[in-house]
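Novice: The structure that follows is given in the form of structure tokens.
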Amino acid sequence: MASCKKEEFEQAQRFGTVLINNQSGLNQLQLAYNNELYINPGSSNSVKIPAGKGLFSFIDPSTKNSLLDTSLTIEENSTQELVLFRQNDETPLILLQNTQANEPVPEDGYIKLNLANLAKNALPNPIKIIAYQIDENIGDVVPIDTLDNVQSTFGNYVKVKQTYLYGSLQSEYYLIIVDAATNTPLSSIYITFLASDTQGVSGKVITAFIEEKLNGTDGVQIKAPNGKTYGVQVKTLFSN
């Protein structure tokens, strides 16, 4: 009498692709996924991850300690860019999902700016920023727009005016930081900001942050409520 043997097949593992954009300056970091060592983002920025929710950990190989743990959901057959970032040696790692490519480009005469105030010591109080550009008719900078209520985290994109100089849209801005409560400028010196990526390519959609460095000489020097002086500047994280 013939008999049939039931065969069981394991369902194929499904994956998504993660692009690690490591802007932390820590090129020897290792990535662990669900506590299993996966990749060194300093040597490769593309890795296939099993679809589903998992724990991402970025490990310092010299100490074996995790510098950042975060839970993320990876969709099947998806590709997403994760930006590993810290503003300087004194600040913790931040992991951002770059969704900027999906942000609609604004009409001519504007950029879109997602700006985070990460200068928690120099600028602990609510701030706003007045943006200036050169007016070719008078040969000097004039105020063109205001960014109200700049938050301490990356949030929504806001439209900022962009004016022409000798027939071309300007990508260079001059910024004054203002205490939002008192409407008082915190420095009489402009911070220069380029609406471009790290290679100098101008963009229409910008993610940027306000950086501080203790006793720094870049940007403008602001005396914080704690009595210390910080160099404050605005830097682009990514642009397109």
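The values are calculated or read from the model by the stated rules, or taken from the named source; none is laboratory data. What you see is a predicted model, and the numbers here were worked out from it, not measured in a lab. Note that we place each Cβ from the backbone using ideal geometry, even for glycine, and neighbour counts take in every protein chain shown. The protein model used for the area step is the full one, side chains on, heavy atoms only, and it has no ligands, DNA or RNA in it. Shrake-Rupley method; radii C 1.70, N 1.55, O 1.52, S 1.80 Å.
Novice: Sum up the charges of everything whose Cβ sits under 11 Å from the Cβ of residue 170, counting Lys and Arg as +1 and Asp and Glu as -1, but leave residue 170 out. Mind dumping the intermediate values first?
Specialist: On the way: positive: 161; negative: 135, 136, 172.
Net charge around residue 170: -2.
Novice: If you don't mind, another one. Please work out how much accessible surface residue 36 shows to a 1.4 Å probe, ignoring ligands, DNA and RNA, in Å² rounded to 10.
Specialist: My reading of the accessible area for residue 36 is about 120 Å².
Novice: What residues from region 167-207 fall in the zone where the backbone N is under 18 Å from a label point 7 Å along the Cα-to-C-beta line of residue 107?
Specialist: Within reach of a label on residue 107, which here means backbone N under 18 Å from a point 7 Å along Cα→Cβ, region 167-207 contributes 169-170, 204-205.
Novice: Oh, and also: Taking a 28 Å limit on the Cα-Cα distance, which of the listed pairs 161/235; 53/204; 53/159; 128/223; 128/235 fall beyond it?
Specialist: 53/204; 53/159
Novice: What FRET efficiency comes out for residue 130 versus residue 98 if R0 is 35 angstrom and r is the Cβ-Cβ distance? Round to the nearest 0.05. Don't skip to the answer; put the middle values down first.
Specialist: Numbers: r = 28 Å, r/R0 = 0.80.
The calculated FRET efficiency here is 0.80.
Novice: Skip the ligands, DNA and RNA, and give the accessible area per residue of the chain with a 1.4 Å probe, whole Å². It would help to have the intermediate numbers written out before the result.
Specialist: Numbers: 13690 Å² over 240 residues.
Per residue, the chain has 57 Å² of solvent-accessible surface.
Novice: Please give the FRET efficiency for residue 67 paired with residue 197, using the beta carbon to beta carbon distance and R0 = 22 Å, rounded to the nearest 0.05.
Specialist: Calculated value: 0.30.
Novice: Another one. Considering only region 20-130, what is the antiparallel percent among its DSSP beta bridges, to the nearest 5? List each step's numbers first, then the result.
Specialist: Numbers: 21 of 25 bridges.
Approximately 85 percent, going by the DSSP bridge assignments.
Novice: Further question on the same structure: In the chain, carbon and sulfur make up what percent of the accessible area (probe 1.4 Å)? Show your work: numbers first, answer last.
Specialist: On the way: 6420 of 13690 Å².
For the chain, the apolar C and S fraction of the accessible surface comes to 47 percent.
Novice: Check which residues have an amide H placed less than 5 Å from residue 31's amide H, if you skip close sequence neighbours.
Specialist: 38, 39, 40, 59
Novice: Read phi for every residue in region 222-231 and hand back ³J(HN,Hα) as whole Hz from Karplus 6.51 cos²θ - 1.76 cosθ + 1.60, θ = phi - 60°, with x for Gly and Pro.
Specialist: Running phi through 6.51 cos²θ - 1.76 cosθ + 1.60 with θ = phi - 60° gives 10, 7, 7, x, 7, x, 8, 10, 10, x Hz.
Novice: Ok, one more. Once phi is turned into ³J(HN,Hα) by the Karplus curve 6.51 cos²θ - 1.76 cosθ + 1.60 with θ = phi - 60°, what whole-Hz value does each residue of region 115-128 show in order, with x for glycine and proline?
Specialist: Working through the residues one at a time gives 10, 10, 8, 9, 8, 5, 8, 6, 10, x, 8, x, 10, 10 Hz.
Novice: What residues qualify as long-range amide H neighbours of residue 83, i.e. H under 5 Å apart, gap of 5 or more or another chain, H built at 1.01 Å from N?
Specialist: 21, 96, 97, 98
Novice: Just to be sure I understand: with springs between alpha-carbon atoms less than 10 Å apart, which residue in 113, 82, 123 has the highest mean-square fluctuation in the Gaussian network model of the chain?
Specialist: For the chain, modelled as a Gaussian network with Cα springs under 10 Å, the answer is 82.
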